[in-house]
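The values are calculated or read from the model by the stated rules, or taken from the named source; none is laboratory data. Fair warning: this is a prediction, and the values are worked out from it, not measured in the lab. Cβ atoms come from the backbone with ideal geometry, glycine included; neighbour counts cover every protein chain shown. All accessible areas refer to the heavy atoms of the entire protein, side chains included, with ligands and DNA or RNA removed. Shrake-Rupley method; radii C 1.70, N 1.55, O 1.52, S 1.80 Å.
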Amino acid sequence: MEAFDRLGAGPLRQRAQREQDLTGEPGRRGSSDTRAMNRLTAQEQRVAQLAAEQLTNREIGVQLRISHRTVGHHLGNVFAKLGINTRTELSHLHAGCELS
């Protein structure tokens, strides 16, 4: 954005600002701040909560009455939104910030 400011490219700066607002502040990916958790849908929050408690996809599916494949889909979204790759990281985030 600073480069666009220097170049006087207002529309490009605005676009860069919108993109940054959607992705979050640089260096904040994977942080345990509450805003990251608030980006999850209600179903993603429920799946993340149960996964953080070390339940398997099948166990989560039984509790939420959805298929284990749907659980996997939701977990993929959770990982992408929170900038994490494993359930262990999810457990650490959960320990530092309530998911519900």
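Yes or no: Leu90 modelled with pLDDT of 90 or more, surrounded by 14 or more Cβ atoms within 10 Å (Cβ to Cβ) and touching a Gly at 6+ places or on another chain (Cβ under 7 Å)?
Considered against the rule, which asks whether it is modelled with pLDDT of 90 or more, surrounded by 14 or more Cβ atoms within 10 Å (Cβ to Cβ) and touching a Gly at 6+ places or on another chain (Cβ under 7 Å), Leu90 comes out as no.
Pick out the one residue from Arg13, Arg18, Arg6, Arg35 that is open to solvent by 90 Å² or more (accessible area, probe 1.4 Å), part of a helix (DSSP H, G or I) and modelled with pLDDT of 80 or more.
Arg6 is the lone residue from the list that is open to solvent by 90 Å² or more (accessible area, probe 1.4 Å), part of a helix (DSSP H, G or I) and modelled with pLDDT of 80 or more.
Give me the pairs, please: first residue somewhere in segment 45-60 and open to solvent by 90 Å² or more (accessible area, probe 1.4 Å), second residue anywhere and modelled with pLDDT of 95 or more and assigned to a helix (DSSP H, G or I), beta-carbon distance under 6 Å, and either six or more positions apart or on two chains.
Final answer for the pair search is Arg58/His68.
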